[in-house]
Each structure stands twice: as C-alpha cells, then as structure tokens.
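Bear in mind these aren't lab numbers, they're just calculated from the coordinates by the rules spelled out. Because the structure is a prediction, the values reported are computed rather than measured. Ideal geometry is used to build each Cβ from the backbone, glycine not excepted, and the neighbour counts take in all protein chains shown.
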Amino acid sequence: MEKQKLKVTFIGGIGEIGKNMTAFEYGDDMIIVDAGQSFPDEDMPGIDQVVQDLTYLKQTKSKLRGLFITHGHEDHIGGIPYFLENFKKVNIYGSKISLGLIENKLKESKKKNATLKAVKAGAVVVAGQFKIEFVSVTHSIPGALAMVITCPAGVVVHTGDFKIDFIPHWR
C-alpha cells in the first residue's frame, strides 16, 4: 500500500495574533491542535470575540479523532465552545490546568459534548493513525505542552507558544 501524505491545514493563527488552530489529517483520521479566539480590533464595535471559520472542519468532521490543547491561554482555548457546536462528541486532551480552564468555559456555555482527558508530559495518546506524545515546555502559564505528532507519513513537532527561560523557576 502506498504511503499517503500528511495534510496540515492552518484554520487560524497564521499571520495573525490569536485564533490558533491547526488540523492534521492522514487518511481517514484528523486531529486538531488548539481552538483559540482573538479579540476584536477597534474597527469591530459590538464584537466580543473572533473565532475561526470552521467550514472546512464541518465538511471533514467524520475524521475527527480528538482536540489537543497546548495550553490554557484564550488564543488557544477561547473558541472551544464554538468549535463544539459542530460535533456530537469530542475528546479534548490537555494538561490538568488547561482542562480546568476549559471546564469553566463548557459550564458557562452549557456544552456537554466533550470528554476532558488530562495528560502529563511524557504521556502518549493514540488517535486513529496518529500518536501524540506530550512534552513539557516553559511558558507564561503553567501546564504548557508541546506535542510530537507521529503518523505513517512522518513526525511533526508542534510547540504551541513557547518561551526560552534561561533561569527556570524549578531550579
């Protein structure tokens, strides 16, 4: 069988600040990393938040195998309630603190179609043909995780946001 190509689609977060969301597809499987929001510009009166255009994800939703969160900043989790409107049931993976922030959003928005699954650095999750390994990174919020995403086409490292800390707080 011929190896397929990995398709990477940036739904948001490229060339802009906020709305971070990336889709990784291999064959009949797709994972999403982050579902953020951005905040309106001064020329957007009456708008409270800006989220991604999810048209493509609505068309490919049968492939979804999970939503993976790098960290709990709004530009990475703020769009989750809107994202969930398009899916029946979604497993959301992230650090305990990120999931705590997400849980509050889900209660506020009355969304009940997500299962929150806490992971730690070093954990590996298999989602369809994807294997996602979580790696601790330093950031301005605790619980930030990079991901090593492996599929038959190869390996991608998704860092989320990161900060190089020359004097780590844990020393």
Taking the chain as a Gaussian network, where each spring joins two C-alpha atoms under 10 Å apart, which residue of Glu74, Glu103, Glu42 fluctuates the most? Glu42
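Based on DSSP H runs of at least 4 residues, each adding -39500 (n - 2.57), what is the mean residue ellipticity at 222 nm of the chain after dividing by all its residues, to the nearest 500 deg cm²/dmol?
Mean residue ellipticity at 222 nm (helix-derived): -4000 deg cm²/dmol.
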Report, please, the projected area of the chain averaged over directions, based on the convex hull of its C-alpha atoms, in nm². 11.3 nm²
Measuring from centroid to centroid over Cα atoms, what is the spacing of the range 95-161 and the range 8-36 in Å? 13 Å
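Counting Lys and Arg as +1 and Asp and Glu as -1, each charge on the Cβ, what is the dipole of the range 7-121 about the Cα centre in debye, to the nearest 20?
Numbers: 16 positive and 15 negative charges, 191 e Å.
Result for the range 7-121 is approximately 920 debye, rounded to the nearest 20.
What is the order of Met21, Met44, fewest Cβ neighbours within 10 Å to most? Write down the numbers at each step before the final one.
Numbers: Met21 25, Met44 10.
Listed from fewest to most nearby Cβ atoms, that is Met44, Met21.
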Give me the one-decimal nm value for the distance between modelled label points at Asn104 and Asp28, 7 Å along each residue's Cα-to-Cβ direction. 4.0 nm
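Could you tally the net charge around Leu99, taking each other residue with its Cβ under 13 Å from the Cβ of Leu99, Lys/Arg +1 and Asp/Glu -1? Write out the running numbers ahead of the final one.
On the way: positive: Lys96, Lys105, Lys107, Lys117, Lys120; negative: Glu103.
Around Leu99, the charge tally is +4.
For the range 91-135, what is the Kirkwood hydrodynamic radius in Å, using each pair of distinct C-alpha atoms?
Values: mean 1/r = 0.0880 Å⁻¹.
Evaluated over the range 91-135, this radius sits at 11.4 Å.
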Cα-based radius of gyration of the range 19-76 once divided by 2.2 N^0.38 Å, which approximates compact folds: 1.30
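Tell me the net charge near Ala127. Cut-off is 11 Å between Cβ atoms, Ala127 excluded, with +1 for each Lys or Arg and -1 for each Asp or Glu.
Working: positive: Lys63, Arg65, Lys117, Lys131; negative: Asp29.
Result for the neighbourhood of Ala127: +3.
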Quick check: pseudo-label points 7 Å beyond the Cα along Cα→Cβ at Lys120 and Ala153, how many nm apart are they? 3.3 nm
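Taking 8 Å as the Cα distance limit and 6 or more residues as the minimum spacing, I'd like the relative contact order of the range 7-121 as a percentage.
Values: 224 pairs, mean separation 25.0, N = 115.
Taking the mean separation of contacting Cα pairs over the length of the range 7-121, I get 22 percent.
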